[in-house]
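Colleague: This is the structure, below, for whatever I ask next.
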Amino acid sequence: MKNHIMPSGIAAVLIPRLGEIFFIAIFIALIGLGPKLMNVDGDLGRHITLGNYIISSRSIPIRDVFSHNKLGDPLTPHEWLADVVFAIAHRAAGLDGIVWITALVIGVTFWLVYKNSKNLSSMSLLALAGTILAAAASSLHWLSRPHIFTILFTVIWTAELEKMRIGIRKNWVIFPVIMLIWVNTHGAFIAGILIWTCYFVGSILDQKFSWQGIKHSLGIGLSSLLVSLVNPDGFGIWKTGFGFIGNQYLVSHTAEYLPPDFHQISTWPFLLLIVISIGVLAISNKKMNASHILLISGWTALALYSARNIPLYAVIVVPILVTVGADYLQGNKLKVTSEKFIALQSRLMDIEKSLKGGLWSGIVVMVVGLLLMRGFTLDFQNNGNKFLDDVFPVKAVDWVEKNQLPGEGFNYFPWGGYLLYRIWPDKLVFIDGQTDFYGEELTRQYEQVITLSKGWEDVFKEYQINWVLMPAQSELIQHLQKRGDWHTVYRDQISTIMLLGSGE
Amino acid sequence: MTWLKEEKFYLTVLLLLILIMAVRTPLDTDMWWHLRAGEETWNSREVYKVDTLSYTRAGETWINHSWLTQVLMIGLFKVGGFRSLSLWVGLTAAVSMFFIYLQMEGHALLRGSVVLLASFVISVVWSPRPQIISLLFFAITVYVLFRFKTTGKNQLYCLAPIFIVWSNLHGGYILGTLLIFSVICGDIFDQLLGEISEFSLDWKDIGQLAVWGFVGFILAAVNPNGINMWIIPFQTVGVVSLQNLINEWASPDFHQPIQQLMLVLLFGTFASVGLSKRRFAGSDLFGVVIFGFMALTARRNFGPFALITAPVLAKHLTDLFSSWKNKLTKRWRIFRKVTEFQNQSEKNINSKFQSLLNGGIVLFLIVVAFWKLIYVTDTDLIIKTEKQMFPQDAVNWLKEEKPSGHLFNSYNWGGYLTWNLQEYPVFVDGRTDLFGDEIIGDWMMVVNAEQNWQTVLDNWDVKIILLEKDKPIIKVLNDFGWIFGYQDEKVAIYLKE
């Protein structure tokens, strides 16, 4: 074998590692796609507003402060810590700050996926290919919302459990610490418990467990379960989570909980990952352990059940697939190709080890942050990071800010978060994206009104609705416009505001 | 009566259970136009290929790939009405699963459980339509290939008649071609990796299979539609509107409990293949991948996926349970005791008593199957179900009032109207390949009251609209000079002024 000259000194600092290049690519791409991250749904507005409320009042609300129909009702603030992070970013740099923190979290997440895959497989190219596929599969749910923290925690949590499994980590104290932050950041911390279950059951099925191992594994599970109660709502966070998942009506009315539609191109990377998983099962030939098999099969089923689980599936499964794939290549089944590839990998890994890394990613993150704070527009469309006026009722709310709306109102569900962002606390909403709080009864009433189903006027009477802010083409607006007891006070192509009364 | 004591008893019970499951009230949105097309063929003694059921495609040639099943269906209907159609569905389903059961490994109870799981997955497509014939022929083809791989007996010549009959019964013969393709790919994969088992095909066998697969595909053109039969599968899949309009062409909705069983089958297969020590054979791998992909993109493909996957699942579960049993009996005394007790009990069973008990169970299931057939095809129930699913009263209203002009109808009810309201040709029905994106696109434009909806209706000189009453167009017709004609809890009829 030839001796290669390895970078050293300043060269070792200046030459970026493969993973670093990948991180920068994802980070820059997300900065460029900034407006898309925040304009897919209206929940971001709620998160910023709640975060600001927590910072200003120095308290975490456990009763509703945003809606007029459930004001004061018990609330589970299961994303309060993420909301605070978003609010801090917003205070520092407005919506640019939100895009920056989102890009950073997602970039770090997939850098970690790459790093874990590389460490387990010792094949950086295979790890990179797998991580690109994981990123592509996950990208359908890359939004500026607290669930991005769950994707990050899933990567960290799984990597630590894997270290426990292979014996690199002996001490399990880190798990309750991660869970403590996770449970206060996003309601999908339950994913961590599911992943732990796969490892625990897998180790029993493999029959490789010592009593010491069982004690450690149970320690992780039980301490994490206990720590999950350390949140503003205690056990309520579990009840809210399962209450929502168990409610067929609410789940089927929440777009991200629906199963993936494989006629959409955005789901094809996920489909490809499933195909690769099956292929890996075929070639692994007795080498996979039960924990990995349970993780692959269980999370495939969960991701097929609900598209919002696809990112979690991708970051859990890819390091396993990469590791098994690398084992296979090292087994020399496809001899010529394997040897050449392994030789190339070996050289690359040697070079990577000699590099320091971290310089360029640090510089890029800092420079982008500073540029955004100085008001530069860095998105690909060069429009700046803002709520788009063809998605949200931007101009209508401008009008509301200048004119008083009397009493309580009825608003379009996807705009609720945006309204909170713009006009709360002056005005409270009828509904927003926090479906687990509003519950089935109110959501059904909302649906009853927008479809003009029997009894919809009673809902207006019950909540004393005086104004309506809905899409201009909605059935409700078209109907109210034909009636004499409502009148239009504002209208543009996106939205219409109508007030109760003839307007004369 | 040895069969009452042995494995055949389990098989008999299983097939009876499947029959009971599959015998249903035989009403389906597409069944009606198949009956009508079958009747046209029957009456004219000539395959029905030129459209007369619609006014939008009247006189155009239609690739009627299911003509032989339609003749069978109308024959059954004339002989035994809905009852014979229901029995046909039940028997076809049971025979399909029988061919799958034959190729499974393991204890009869395990095989039976897996077949039942697969049956539940497939049950979403068990209806009186030519599609069910494709499932039967698919299962037969799987069995022929299984015999070829496991017994070494070359009976591939059977593929020739299978494909000729299949392509005359339904356009789904292409599933057979895909199946052969998956086996060829799988065995080439194994050969390339050097993973050769006793059931692997050598290069000569692969060549033979490729030749017979090709011959089968060519012979699919032995059909009144000729070489158009090679085009029809691609033509049907190429209709974009299919995915938007027809549930069975959409991706699965795993929030529906019945469709969740597909997830159970997928999860079970992943887990058992991974956990068992047995190698995942190349042909199994390619079969699961190809038909899994198809099932995830269109739920109508649950059938082929379940038929392919069930034997794979049984094979790996058998291996897995056997290894677990060995490990547990070695390690834990209690399991050794249980196994000994089980063996002892089997010896001590009174064989006469067992025969009587088994005979009683079989008799009971036959009675239940018969009772269910009578119950689900009872005239009152048929009328009630028809009323729930289709615009029965609206059709009667049209027959009485006899308004003149072209009828614009619901897509879902098009087939029903071709059978029950023959005096009015339809705008569209379930023959998506005939209407294509052009007509279906126009239909959607009108139903959703999109821009130019009036132009579409004017172009086709539509005077009557019969639709589900919650469609957006119904809410605006009054404003555009249409007069309310009829309405009930699900249907609305409007007439042009």
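Colleague: Looking at the structure I just gave you, is A:LEU205 over 21 Å from the mean Cα position of the chain (by Cα), more than 23 Å from A:GLY298 (Cα to Cα) and touching a residue at least 24 places away in the same chain (Cβ under 8 Å)? Explain how you work it out, then say what you get.
Modeller: Values: over 21 Å from the mean Cα position of the chain (by Cα): yes; more than 23 Å from A:GLY298 (Cα to Cα): no; touching a residue at least 24 places away in the same chain (Cβ under 8 Å): yes.
Judged against the criteria, A:LEU205 is not a match.
Colleague: State all residues of segment B:105-128 that are surrounded by fewer than 22 Cβ atoms within 10 Å (Cβ to Cβ) and outside any helix (DSSP H, G or I); if no residue qualifies, say none.
Modeller: Across segment B:105-128, the qualifying residues are B:GLU105, B:GLY106, B:HIS107, B:SER127.
Colleague: Could you tell me whether A:ALA136 is in a helix (DSSP H, G or I), aliphatic (A, V, I, L, M) and either surrounded by fewer than 22 Cβ atoms within 10 Å (Cβ to Cβ) or not assigned by TED's automatic domain parsing to the domain that holds A:LYS340 (or both)? Talk me through it step by step, then tell me what you get.
Modeller: Values: in a helix (DSSP H, G or I): yes; aliphatic (A, V, I, L, M): yes; either surrounded by fewer than 22 Cβ atoms within 10 Å (Cβ to Cβ) or not assigned by TED's automatic domain parsing to the domain that holds A:LYS340 (or both): yes.
The answer is yes for A:ALA136.
Colleague: Looking at segment B:74-86, is at least one residue free of Cβ contacts under 8 Å to residues at least 60 places away in the same chain and either among the hydroxyl-bearing types (Ser, Thr, Tyr) or in contact with a Gly (Cβ under 6 Å, 6 or more places away or on another chain) (or both)?
Modeller: Within segment B:74-86, one or more residues are free of Cβ contacts under 8 Å to residues at least 60 places away in the same chain and either among the hydroxyl-bearing types (Ser, Thr, Tyr) or in contact with a Gly (Cβ under 6 Å, 6 or more places away or on another chain) (or both).
Colleague: Still on this structure, please answer the following. Here is a check on your reading of the model: is A:LEU218 more than 24 Å from A:THR254 (Cα to Cα) and surrounded by fewer than 18 Cβ atoms within 10 Å (Cβ to Cβ)?
Modeller: Numbers: more than 24 Å from A:THR254 (Cα to Cα): yes; surrounded by fewer than 18 Cβ atoms within 10 Å (Cβ to Cβ): yes.
In short, yes.
Colleague: Here's another thing I want to ask about it. Can you say whether A:PRO269 is within 30 Å of B:GLN256 (Cβ to Cβ), out of contact with any Cys (no Cβ under 6 Å at 6 or more places or on another chain), part of a loop (DSSP other than H, G, I, E, B) and in contact (Cβ under 8 Å) with a residue 12 or more places away in the chain, as far as the supplied structure shows?
Modeller: Values: within 30 Å of B:GLN256 (Cβ to Cβ): yes; out of contact with any Cys (no Cβ under 6 Å at 6 or more places or on another chain): yes; part of a loop (DSSP other than H, G, I, E, B): no; in contact (Cβ under 8 Å) with a residue 12 or more places away in the chain: yes.
No, not satisfied.
Colleague: So, in segment B:260-280, exactly how many residues are at the interface with another protein chain (Cβ under 7 Å from one of its Cβ atoms) and outside any helix (DSSP H, G or I)? Let's see the steps before the verdict.
Modeller: Going residue by residue through segment B:260-280, those that are at the interface with another protein chain (Cβ under 7 Å from one of its Cβ atoms) are B:263, B:266-267, B:270-271, B:273-275, B:277, B:279-280.
Adding the requirement that they be outside any helix (DSSP H, G or I) leaves B:277, B:279-280.
The number of residues fulfilling the criteria is 3.
Colleague: When the residues of segment B:287-299 are filtered to those that are within 9 Å of chain A (Cβ to nearest Cβ) and in a helix (DSSP H, G or I), which remaining residue is farthest from the chain's Cα centre (by Cα)?
Modeller: If we filter segment B:287-299 for residues that are within 9 Å of chain A (Cβ to nearest Cβ), which is where we start, we get B:288-289, B:292-293, B:296-298.
In the following step, the residues that additionally are in a helix (DSSP H, G or I) were identified as B:288-289, B:292-293, B:296-297.
Numbers: B:VAL288: 18, B:VAL289: 19, B:GLY292: 15, B:PHE293: 17, B:LEU296: 15, B:THR297: 15 Å.
Within segment B:287-299, the match that is farthest from the chain's Cα centre (by Cα) is B:VAL289.
Colleague: Could I ask something else about it? Would you check if B:TRP212 is buried (at least 19 other Cβ atoms within 10 Å of the Cβ) and either under 30 Å from A:SER252 (Cα atoms) or without any contact (Cβ under 8 Å) to a residue 12 or more places away in the chain (or both)? Please lay out each step first, then the result.
Modeller: On the way: buried (at least 19 other Cβ atoms within 10 Å of the Cβ): yes; either under 30 Å from A:SER252 (Cα atoms) or without any contact (Cβ under 8 Å) to a residue 12 or more places away in the chain (or both): no.
So B:TRP212 fails the test.
Colleague: Can A:PHE23 be described as touching a strand residue (DSSP E or B) at 6+ places or on another chain (Cβ under 7 Å) and either of a type outside the set (D, E, K, R) or surrounded by 18 or more Cβ atoms within 10 Å (Cβ to Cβ) (or both)? Talk me through it step by step, then tell me what you get.
Modeller: Details: touching a strand residue (DSSP E or B) at 6+ places or on another chain (Cβ under 7 Å): no; either of a type outside the set (D, E, K, R) or surrounded by 18 or more Cβ atoms within 10 Å (Cβ to Cβ) (or both): yes.
It is false that A:PHE23 is touching a strand residue (DSSP E or B) at 6+ places or on another chain (Cβ under 7 Å) and either of a type outside the set (D, E, K, R) or surrounded by 18 or more Cβ atoms within 10 Å (Cβ to Cβ) (or both).
Colleague: Take segment B:349-405 and flag every residue that is of a type in the set (D, E, K, R) and within 30 Å of B:VAL462 (Cβ to Cβ).
Modeller: Applying the first criterion (of a type in the set (D, E, K, R)) to segment B:349-405 yields B:352, B:372, B:378, B:380, B:384, B:386-387, B:393, B:399-402.
Residues satisfying the conditions are B:GLU386, B:LYS387, B:ASP393, B:LYS399, B:GLU400, B:GLU401, B:LYS402.
Colleague: Does segment B:186-202 include one or more residues that are modelled with pLDDT of 95 or more, surrounded by fewer than 23 Cβ atoms within 10 Å (Cβ to Cβ), within 24 Å of B:MET97 (Cα to Cα) and of a type outside the set (Gly, Ala, Ser)? If you could, list the steps in order and put the result at the bottom.
Modeller: Kept after step one, since they are modelled with pLDDT of 95 or more, are these residues of segment B:186-202: none.
No, segment B:186-202 contains no residue that is modelled with pLDDT of 95 or more, surrounded by fewer than 23 Cβ atoms within 10 Å (Cβ to Cβ), within 24 Å of B:MET97 (Cα to Cα) and of a type outside the set (Gly, Ala, Ser).
Colleague: Of the residues that make up segment A:209-222, is at least one within 11 Å of another protein chain (Cβ to nearest Cβ) and not hydrophobic (A, V, I, L, M, F, W, C)?
Modeller: The answer is no, given that none of the residues of segment A:209-222 is within 11 Å of another protein chain (Cβ to nearest Cβ) and not hydrophobic (A, V, I, L, M, F, W, C).
Colleague: Moving on. Yes or no: B:PHE302 touching a Cys at 6+ places or on another chain (Cβ under 7 Å), within 21 Å of B:MET104 (Cα to Cα) and assigned to a helix (DSSP H, G or I)? Full working, then the answer.
Modeller: Details: touching a Cys at 6+ places or on another chain (Cβ under 7 Å): no; within 21 Å of B:MET104 (Cα to Cα): yes; assigned to a helix (DSSP H, G or I): yes.
Spelling it out, it is not the case that B:PHE302 is touching a Cys at 6+ places or on another chain (Cβ under 7 Å), within 21 Å of B:MET104 (Cα to Cα) and assigned to a helix (DSSP H, G or I).
Colleague: Looking at this structure, is B:LEU285 at pLDDT 85 or above, surrounded by 15 or more Cβ atoms within 10 Å (Cβ to Cβ) and closer than 24 Å to A:ILE283 by Cβ?
Modeller: For B:LEU285, the condition - at pLDDT 85 or above, surrounded by 15 or more Cβ atoms within 10 Å (Cβ to Cβ) and closer than 24 Å to A:ILE283 by Cβ - is met.
Colleague: Conditions first: (1) buried (at least 17 other Cβ atoms within 10 Å of the Cβ); (2) modelled with pLDDT of 95 or more. B:GLY75 passes all but one, so which condition is the exception?
Modeller: It is condition (1) that B:GLY75 fails.
Colleague: Mind listing just one residue for me: the one in segment B:190-207 that is part of a loop (DSSP other than H, G, I, E, B) and either farther than 16 Å from B:VAL142 by Cα or within 14 Å of chain A (Cβ to nearest Cβ) (or both) and, of those, nearest to the chain's Cα centre (by Cα)?
Modeller: B:SER200
Colleague: Same structure, new question: Can you find, within segment A:386-397, the residue that is farthest from the chain's Cα centre (by Cα) among those that are within 15 Å of A:THR496 (Cα to Cα) and either exposed (fewer than 13 other Cβ atoms within 10 Å of the Cβ) or of a type in the set (A, V, I, L, M, F, W, C) (or both)?
Modeller: Keep residues of segment A:386-397 that are within 15 Å of A:THR496 (Cα to Cα), which gives A:389-397.
Filter again for either exposed (fewer than 13 other Cβ atoms within 10 Å of the Cβ) or of a type in the set (A, V, I, L, M, F, W, C) (or both), leaving A:390-392, A:394, A:396-397.
Numbers: A:ASP390: 24, A:VAL391: 21, A:PHE392: 21, A:VAL394: 25, A:ALA396: 29, A:VAL397: 28 Å.
Among those residues, the one meeting the criterion is A:ALA396.
Colleague: Consider B:VAL395 against the criteria (1) more than 28 Å from the chain's Cα centre (by Cα); (2) touching a residue at least 40 places away in the same chain (Cβ under 8 Å): it satisfies all of them except one. Which criterion is unmet?
Modeller: Among (1) more than 28 Å from the chain's Cα centre (by Cα); (2) touching a residue at least 40 places away in the same chain (Cβ under 8 Å), B:VAL395 violates only (2).
Colleague: Which pairs turn up if I take residues in segment A:226-255 that are closer than 22 Å to A:ARG308 by Cβ and look for partners that are surrounded by fewer than 16 Cβ atoms within 10 Å (Cβ to Cβ) with beta carbon separation below 6 Å, at least 6 apart in sequence or on another chain?
Modeller: A:ASN247/A:GLU440; A:TYR249/A:GLU440; A:LEU250/A:GLU440; A:SER252/B:HIS255
Colleague: I've got another one for you. Which of (1) closer than 19 Å to A:GLY298 by Cβ; (2) at the interface with another protein chain (Cβ under 7 Å from one of its Cβ atoms) does B:ASP253 not meet, given it meets every other one?
Modeller: Among (1) closer than 19 Å to A:GLY298 by Cβ; (2) at the interface with another protein chain (Cβ under 7 Å from one of its Cβ atoms), B:ASP253 violates only (1).
Colleague: Applying the selection to segment A:230-253, what residues are surrounded by 16 or more Cβ atoms within 10 Å (Cβ to Cβ) and within 14 Å of another protein chain (Cβ to nearest Cβ)?
Modeller: Step one: of segment A:230-253, the residues surrounded by 16 or more Cβ atoms within 10 Å (Cβ to Cβ) are A:231-233, A:236-238, A:240-241, A:244, A:247, A:250-251, A:253.
Once the filter is applied, which keeps residues that are surrounded by 16 or more Cβ atoms within 10 Å (Cβ to Cβ) and within 14 Å of another protein chain (Cβ to nearest Cβ), segment A:230-253 yields A:PHE244, A:ASN247, A:LEU250, A:VAL251, A:HIS253.
Colleague: Of everything in segment B:369-413, what is outside the structural domain of B:ILE464 (by TED's automatic domain parsing), outside any loop (DSSP other than H, G, I, E, B) and buried (at least 20 other Cβ atoms within 10 Å of the Cβ)? Give them in sequence order.
Modeller: The one that is outside the structural domain of B:ILE464 (by TED's automatic domain parsing), outside any loop (DSSP other than H, G, I, E, B) and buried (at least 20 other Cβ atoms within 10 Å of the Cβ): B:ALA369.
Colleague: In segment A:273-324, what count of residues is obtained for those that are at the interface with another protein chain (Cβ under 9 Å from one of its Cβ atoms), out of contact with any Phe, Trp or Tyr (no Cβ under 9 Å at 6 or more places or on another chain) and of a type in the set (A, V, I, L, M)?
Modeller: Qualifying residue count for the region: 2.
Colleague: How many of the residues making up segment B:465-497 are within 14 Å of chain A (Cβ to nearest Cβ) and either within 17 Å of B:SER404 (Cβ to Cβ) or polar (S, T, N, Q) (or both)?
Modeller: Qualifying residue count for the region: 1.
Colleague: Can you find a residue that is in contact (Cβ under 8 Å) with a residue 40 or more places away in the chain, closer than 27 Å to B:PRO130 by Cβ and assigned to a helix (DSSP H, G or I) anywhere in segment B:182-189? Working first, answer last.
Modeller: Start the filter on segment B:182-189 by keeping residues that are in contact (Cβ under 8 Å) with a residue 40 or more places away in the chain, which leaves B:182-183, B:185-189.
Next cut, closer than 27 Å to B:PRO130 by Cβ only: B:182-183.
Of the ones still in play, those that are also assigned to a helix (DSSP H, G or I) are B:182-183.
Yes, segment B:182-189 contains a residue that is in contact (Cβ under 8 Å) with a residue 40 or more places away in the chain, closer than 27 Å to B:PRO130 by Cβ and assigned to a helix (DSSP H, G or I).
Colleague: Does B:ASN247 meet the test of being under 30 Å from B:THR177 (Cβ atoms), surrounded by fewer than 16 Cβ atoms within 10 Å (Cβ to Cβ), touching a helix residue (DSSP H, G or I) at 6+ places or on another chain (Cβ under 8 Å) and more than 9 Å from chain A (Cβ to nearest Cβ)?
Modeller: On the way: under 30 Å from B:THR177 (Cβ atoms): yes; surrounded by fewer than 16 Cβ atoms within 10 Å (Cβ to Cβ): yes; touching a helix residue (DSSP H, G or I) at 6+ places or on another chain (Cβ under 8 Å): yes; more than 9 Å from chain A (Cβ to nearest Cβ): yes.
Here the answer is yes, as B:ASN247 does meet what is asked.
The values are calculated or read from the model by the stated rules, or taken from the named source; none is laboratory data. Everything numeric here is computed off the predicted structure, so don't read it as measured data. With ideal geometry, Cβ positions are generated from the backbone for all residues, glycine too; neighbour counts draw on all protein chains shown.
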